[in-house]
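Have a look at the structure below, then the notes.
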Amino acid sequence: MGNENWMNNPNLKHIDKKKLQALWTLTNQGAGKSQNDLLPFLMAAISQSKKDGLSFSSDEVDAIIEVMKIGKSPEEIQKIDHIRTMMNMMKTSH
């Protein structure tokens, strides 16, 4: 995601701009990571976000993920769905 256009998607208008900016920064930092490195990176980022007082509701996360899938290949969408599933499993195990 080299640009911020996705942040202006109407489906995300209900999400605080501060949250979207933090997510954009996170997206750029994680862009070059392999799939094996991505989950630990995301878990650390989630932990840091909580420390910073940022949390996303399930509805916000779902909306963001759907917007992030726009224009992606089926393989990229599958990867996004796989990571989302792994994150959900980790959330329910804590």
Under the rule rounded for a/c under 1.5, else prolate if a/b exceeds b/c, else oblate, using alpha carbon gyration tensor axes a ≥ b ≥ c, the chain is classed as rounded
Share of accessible surface on carbon and sulfur in the stretch 36-86, whole %, 1.4 Å probe and ligands ignored, is 54 percent
Residue span residue 47 to residue 70: 0.36 nm per residue of separation minus Cα-Cα distance leaves a gain in nm of 5.6 nm
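Would you mind getting the accessible area per residue of the chain, heavy atoms of the protein chains only, 1.4 Å probe, in Å²? Present the calculation step by step, with values, prior to reporting the outcome.
Numbers: 6410 Å² over 94 residues.
That works out to 68 Å² per residue.
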Computed for the chain: size of charge dipole around the Cα centre, +1 on C-beta of each Lys and Arg, -1 on C-beta of each Asp and Glu, debye to nearest 20, value 220 debye
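Relative contact order, percent, of the chain when contacts are C-alpha pairs under 8 Å separated by at least 6 residues?
Details: 28 pairs, mean separation 31.9, N = 94.
Computed over the chain, the figure is 34 percent.
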Loop-resident trypsin sites (Lys or Arg not before Pro) in the stretch 27-72 with no more than 14 other Cβ atoms inside 10 Å, DSSP not H/G/I/E/B, are 33, 72
Taking a label point 7 Å from the Cα of residue 9 along Cα-to-Cβ, the residues of the stretch 16-50 whose backbone nitrogen sits under 16 Å from it are 16-17, 19-28
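The values are calculated or read from the model by the stated rules, or taken from the named source; none is laboratory data. It should be emphasised that the depicted structure is a prediction, and the values quoted were computed from it without experimental measurement. Methodologically, a virtual Cβ is constructed for each residue, glycine included, from the backbone with ideal geometry; neighbour enumeration extends over all protein chains shown. Ligands, DNA and RNA are stripped out before the accessible areas are found, and what is left, the full protein with its side chains, is counted by its heavy atoms. Shrake-Rupley method; radii C 1.70, N 1.55, O 1.52, S 1.80 Å.
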